[in-house]
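Undergrad: Shown below is the structure under consideration.
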Amino acid sequence: MLSILFVFLAMGQLMAPVLGQFVNCSLSTVELTACGKLSPNGCCAKGCIRNAAGRCVAEHCTGSWDGWLRRPVTMSCYFHWFLLIFAAFIIILMSSVVLLNLVFELRLFLEKRRMRRYLRFSPRSSPSSSVV
């Protein structure tokens with residue numbers, strides 16, 4: 001039973017249903033439709049996406065801040081936004097580490113400077129202490 005379910009899942013991943021047809025758009029023999037034209041088989045060229053009317057339209061997910069919220073979008077659109085958000089997170093994290101290190105080094109420098117400025121004199125180090 002589990003093997004039959006796995007076979008059906010694999011077949012579903014290989015074929016994309018479009019208007020009662022099963023077309024594998026990744027095959028080199030399948031004709032891809034250019035942007036702006038009606039797609040008879042549902043396969044659009046790279047950078048295009050099929051809308052609800054069956055027309056291949058250019059995908060604009062990174063053109064605006066809310067472009068990825070509009071439907072339909074592809075996984076590549078979500079992946080671009082994931083990369084941008086992840087890069088921003090890494091930049092903020094590394095900047096905060098550098099800033100905290102700078103604050104720590106500045107505090108250490110000021111503490112050492114204060115210790116050098118206010119040296120305590122011990123009675124053993126003075127020349128008069130040798131005379132008893």
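Each reported figure results from applying straightforward, stated rules to the coordinates on display, with no laboratory input. All values reported here derive from a predicted model rather than from experimental measurement. Glycine gets a Cβ as well: all are built from the backbone with ideal geometry, and neighbour counts include every protein chain shown.
Undergrad: Scan region 48-60 for residues that are out of contact with any helix residue (DSSP H, G or I) (no Cβ under 7 Å at 6 or more places or on another chain), within 25 Å of W81 (Cα to Cα) and surrounded by 12 or more Cβ atoms within 10 Å (Cβ to Cβ) and jot them down.
TA: C48, I49, R50, N51, R55, C56, V57, A58
Undergrad: Among (1) under 17 Å from M75 (Cβ atoms); (2) in contact with an Asp or Glu (Cβ under 9 Å, 6 or more places away or on another chain), where does K46 come up short?
TA: The number of the failed condition is (2).
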